[in-house]
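The values are calculated or read from the model by the stated rules, or taken from the named source; none is laboratory data. Everything numeric in this text was worked out from a predicted model, so none of it was measured. Don't worry about glycine lacking a Cβ; one is built from the backbone with ideal geometry, like all the others, and counts go over all protein chains shown.
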Amino acid sequence: MKIFIMYAYAGVGHKKAADAVENALRDFKGAEVKNFDILDYTNPFFKFTYPRFYLFMINRIPLLWGFLYYFLDAGAVDAFLGPFRRFLHRVNSGRLIKFIINEKPDVIISTHFIPGEIAAGLKRKGLFKGRLITIVTDFMPHSFWMAKDSDYFIGAIDKTKKELMRRGISEEKIKALGIPCDPVFGVSKGRREMINKLGLKDGFFNLLIMGGGFGTGPVREIVRSVCGAGSSARDKIQVIVICGKNKKLLDDLNAAKKDLKAMIAPFGYMNNIDEFMEASDLIVTKSGGLTVSEALSKKLPMIIIRPILGQETRNCGILEEYGAAVRADSSGEVVKRVEEFIKFPEKLIGMKARISVIAYPDAAKEIAKLAVS
């Protein structure tokens, strides 16, 4: 059985979801898997501009991004502009279309809306006769994800399923299996063991701060607020920061350790995020679908910092609704939340229990089973 797993690299989340499913498929003999970035099969201009435009929008003009996100999700707007968007993607993806037609995969698994949209168009024309599985990598779908010729849609939770049904997807096509993350996030390795392995100090409240693969967001500001002289948490807390590929942030935090005289442990780009989560009591992060799925699998309570209008605010709203996270719109709010959790540890215990309701640590395995069935 030939299986294509396709994503578009616009931030690391879609790739991580694809990698998780690929890893899960290794348990199934006879599955010939190709996992790839569809941007490698688009024209050079599209490949160069697509991820950079997206990152520029969310990092530099997030209000405009939020407006466009909701505007383009409106039914009437999508009905009018959707055909143009699909045409634009087809024109820029000629090599991808030829590759799918020539290779004739039995199953295509899409973790981004562009490959799902293209594969659905080929199914509609009879040029791709295999099965198409579209994985929605946020808690609430956008109109861009509505590749209605998909054989299956994978939703994060039951609420995702209901929203897909509201948008016209038949119930039998939808499976609420969770957002797939590496199965390692569902494995407990022991908090004490991970603290020792990572070279952290024992006996502290461990606060994990993540700025994504590119180390974006107000990380410096949060660290200085939590570790500042006015914070009652300062002497009780160890701040673990994953800087991603942002070397300047890493250097700045290493320098700040001396100035702040606080327990700060900065790291660069790491491949063992599950171990850092295992060692932590609480995480401060953005509300991207994959990071959230990983934290849920680890039953790690979250403080969502300044969610960007659009998919992040939608994800954050769902997490707050289920009691799996709290929101903070400033570094000062982060400090208050952290101090509250340290003072009342039973609140963290309650959050961990509520997380169990929406955590799907075996999502990748279940999707793999569906693909080979």
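Structure notes:
- Flag: Leu64 does not match the condition of being under 24 Å from the mean Cα position of the chain (by Cα), in a helix (DSSP H, G or I) and in contact (Cβ under 8 Å) with a residue 24 or more places away in the chain.
- None of Leu132, Leu127 is under 21 Å from Glu172 (Cα atoms), at pLDDT 95 or above and not in a helix (DSSP H, G or I) except Leu132.
- Test: residue in segment 364-371 that is crowded, with 22+ Cβ neighbours inside 10 Å and more than 30 Å from Ala31 (Cα to Cα): no
- Pair list, Cβ under 9 Å, 6 or more apart: segment 4-26 residue on the phi > 0 side of the Ramachandran plot, other residue surrounded by fewer than 24 Cβ atoms within 10 Å (Cβ to Cβ) and of a type in the set (Ser, Thr, Tyr): Gly11/Tyr54
- Matching entry among Ile264, Ile283, Ile303, Ile318 (being at pLDDT 95 or above, crowded, with 20+ Cβ neighbours inside 10 Å and touching a Lys or Arg at 6+ places or on another chain (Cβ under 6 Å)): Ile303
- Tallying residues that are surrounded by fewer than 20 Cβ atoms within 10 Å (Cβ to Cβ), at negative phi and in contact (Cβ under 8 Å) with a residue 60 or more places away in the chain within segment 99-129 yields 2.
- Among the residues making up segment 316-331, those that are at negative phi and touching a helix residue (DSSP H, G or I) at 6+ places or on another chain (Cβ under 6 Å) are Tyr322, Ala324, Ala325, Val326, Arg327, Ala328, Ser331.
- Helices (runs of 4 or more DSSP H) fully within segment 289-373 that include at least 3 residues being touching a residue at least 24 places away in the same chain (Cβ under 8 Å) and over 20 Å from Pro180 (Cα atoms): 331-343, 346-358.
- In summary, helices (runs of 4 or more DSSP H) completely within segment 151-228 and bearing 3 or more residues that are assigned by TED's automatic domain parsing to the domain that holds Val292 occur at 191-197, 219-227.
- Scanning segment 50-80 for residues that are of a type in the set (A, V, I, L, M, F, W, C) and closer than 20 Å to Met140 by Cβ turns up Met57, Ile58, Leu63, Trp65, Phe67, Leu68, Phe71, Leu72, Ala74, Ala76, Val77, Ala79.
- Each residue in segment 39-64 was checked for being at pLDDT 95 or above and either acidic (Asp, Glu) or in contact with a helix residue (DSSP H, G or I) (Cβ under 6 Å, 6 or more places away or on another chain) (or both), and 7 of them qualify.
- Lys369 falls short of the stated requirement of being among the basic types (Lys, Arg) and touching a helix residue (DSSP H, G or I) at 6+ places or on another chain (Cβ under 6 Å).
- Every pair of residues 6+ apart whose Cβ atoms lie under 8 Å, when the first sits in segment 44-56 and is farther than 17 Å from Tyr7 by Cβ and free of Cβ contacts under 8 Å to residues at least 24 places away in the same chain while the second is part of a helix (DSSP H, G or I) and among the hydrophobic types (A, V, I, L, M, F, W, C): none
- Residues (part of a helix (DSSP H, G or I) and either within 22 Å of Phe341 (Cα to Cα) or in contact (Cβ under 8 Å) with a residue 24 or more places away in the chain (or both)) located in segment 248-288: Leu249, Leu250, Asp252, Leu253, Ala256, Leu260, Ile273, Asp274, Glu275, Phe276, Met277, Glu278
- Among residues of segment 22-51 being among the polar types (S, T, N, Q) and assigned to a helix (DSSP H, G or I), the one that is nearest to Val372 (Cα to Cα) is Asn23.
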